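Each remark here refers to the structure printed beneath this line.
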Amino acid sequence: CREANRARERGRGAARGPAPGTMVGVEMTVKALRESCEKNKLYRTARLNDKLFLHYVGWDKIANLDEYTGLKVLWLEGNGLLKIEGLEHQRLLRTLYLQENVIEKIENLEQQVDLDTINLSQNFISKIENLSHMQELKTLIISQNRLSRPEDVAQVVDLKSLSCLDIQKNNIEDPVVVDYFERMPNLA
């Protein structure tokens, strides 16, 4: 009888949650998105919203934004996002806030051709890439990441409209990086 009770107790302990130190995020469900809209006094009809406040919630994955096709500004900073994804239907985005996450790679932004501003600071990004299709991009904030070589920032030369680039607090020591910036006439 004691052994059965101990086994039950062990089973209950396992069901209580993840092991200590395991990162678990909040799931971005349709219901959670609706509640966020309600809380922030936004439209109930997803496609009518031109902004969406999803910052500092603890999301670990961008999901269920398919109906939010009218978004121009999206706040996703301060979560636990591991990857840029789930933005295929946000073709009208002009400003995207993804700072203070755990993103390692710039990816899955092919549909955001008209993006004007993106903040990717305080992530774990080691290379500026997959942005050359954004010919309207004027502001790229990618400070406090893991950029370390001049080649890691080389793609900025392809961003013809870029006029504000923040790469401070990275670990780029090679002065050759300045050669890339000299080839960018719009950088102030």
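The values are calculated or read from the model by the stated rules, or taken from the named source; none is laboratory data. Note that this is a predicted model, so its numbers are computed, not measured. Neighbour counts run over all protein chains shown; Cβ positions are idealised from the backbone, glycine included. The accessibility values were calculated without ligands, DNA or RNA, using every heavy atom of the protein model including side chains. Shrake-Rupley method; radii C 1.70, N 1.55, O 1.52, S 1.80 Å.
Key figures
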item	result
VAL102 vs. criteria under 10 Å from the mean Cα position of the chain (by Cα), farther than 23 Å from ASN49 by Cα, open to solvent by 10 Å² or more (accessible area, probe 1.4 Å) and of a type outside the set (Phe, Trp, Tyr)	yes
Residue in region 52-61 that is out of contact with any Ser or Thr (no Cβ under 9 Å at 6 or more places or on another chain), crowded, with 17+ Cβ neighbours inside 10 Å and not in a loop (DSSP other than H, G, I, E, B) present	yes
Some residue of region 118-129 being at pLDDT 95 or above, open to solvent by less than 40 Å² (accessible area, probe 1.4 Å) and closer than 23 Å to GLU67 by Cα	yes
